[in-house]
Amino acid sequence: MKRLAIFDLDGTLIDTIADLATATNHALTQFGYPTHTVDEYRFFVGNGINKLFERALPEGEKSQENILKIRAEFVPFYNIHNADLSRPYPGIHQMLSALQKAGMRLAVASNKYQEATVKLISQYFPDIRFTAVFGQREGVPTKPDPQVIEEIIRMADVNKTTTVYIGDSSVDMETGRNARVTTIGVSWGFRPRTELEAYHPDFIADCSNDILHFLQIEK
């Protein structure tokens, strides 16, 4: 039986894409750069915000200097507006509550920067006890490096065989594989199901109840 469930955030627990798109487009317009549709942003996110800005910038403008300029405009705007349109996916709160009731330890490992990760989790899941809520932190490599997963496993005092990592993208599936833990892909997130299938997760969930079924947890 699994004892620890680690979740990605964006596209897995919470649908954040509209607010991410709005904040990035806001930053781009401050410097006269073209903006993008919400659907385009589904393929820009997943590797941290600096990579998001690199992907959003036009060809020939993807310098480190420009990435940092966009970041400086994005962060204060997003800190205010990151919950304007973002909402948990259907059934997520009930699923987390069922896992918690069953005695599983819960954690978050996201490539979103730490301040926003903590804010969103605190706002939408105030009654859920998380062993760790980790976003992108200084000095810690982003996923798919497995370091954050291994850190949470140590904090939870469990082993890899009793850990499951759950996410919506190839980055998440690769992270779980690199950490050598069980992986669950969720098909309701930002990326197509075929992207998950290409990484051969242990299971693909099409709704939150599928996670409970796979983990043999009652609702």
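The values are calculated or read from the model by the stated rules, or taken from the named source; none is laboratory data. Every value quoted in this text rests on a predicted model; they were computed, and no experiment measured them. Every residue, glycine as well, gets a Cβ built from its backbone with ideal geometry; the counts of neighbours run over all protein chains shown. Surface areas here come from the heavy atoms of the whole protein model, side chains and all, with no ligands, DNA or RNA. Shrake-Rupley method; radii C 1.70, N 1.55, O 1.52, S 1.80 Å.
Overview of results
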read-out	value
1.4 Å probe accessible area per residue over region 58-154, in Å²	49 Å²
Integer Hz, Karplus 6.51/-1.76/1.60 couplings in order for region 113-119, x for Gly and Pro	5, 4, 4, 6, 4, 5, 4
Using distinct alpha-carbon pairs, which all enter the 1/r mean, Kirkwood radius of region 85-213 in Å	15.0 Å
10 Å beta-carbon shell around residue 99, net charge (K/R +1, D/E -1)	+3
Region 112-191 - charge dipole about Cα centre, Lys and Arg +1 at Cβ, Asp and Glu -1, debye rounded to 20	100 debye
Shape category assigned to region 65-156 from the gyration tensor of Cα positions, a/c cut at 1.5	oblate
Theoretical ellipticity at 222 nm over the chain - DSSP helices of four or more residues, -39500 (n - 2.57) apiece, nearest 500	-12500 deg cm²/dmol
Solvent-accessible surface (1.4 angstrom probe) belonging to residue 104, in square angstrom, nearest 10	10 Å²
Built amide H within the under 5 Å cut-off of residue 180, gap 5+	none
Rg and Dmax of region 1-131, Cα atoms only, in Å	16.2, 53
Share, in percent, of DSSP beta bridges within the chain that are antiparallel, nearest 5	10 percent
Compactness of the chain, expressed as Rg and Dmax over alpha-carbon positions, Å	16.9, 53
Relative contact order computed over region 158-219 (Cα-Cα under 8 Å; 6+ residues apart), in percent	28 percent
Surface accessible to a 1.4 Å probe, residue 26 within the full protein complex, Å²	50 Å²
1.4 Å probe accessible area per residue over region 1-51, in Å²	37 Å²
Portion, in percent, of the accessible area of the chain that falls on carbon or sulfur, probe 1.4 Å	50 percent
Accessible-area ranking of 194, 12, largest first, probe 1.4 Å	194, 12
Value of relative contact order over the chain, rounded to a whole percent, pairs C-alpha under 8 Å and six or more apart	26 percent
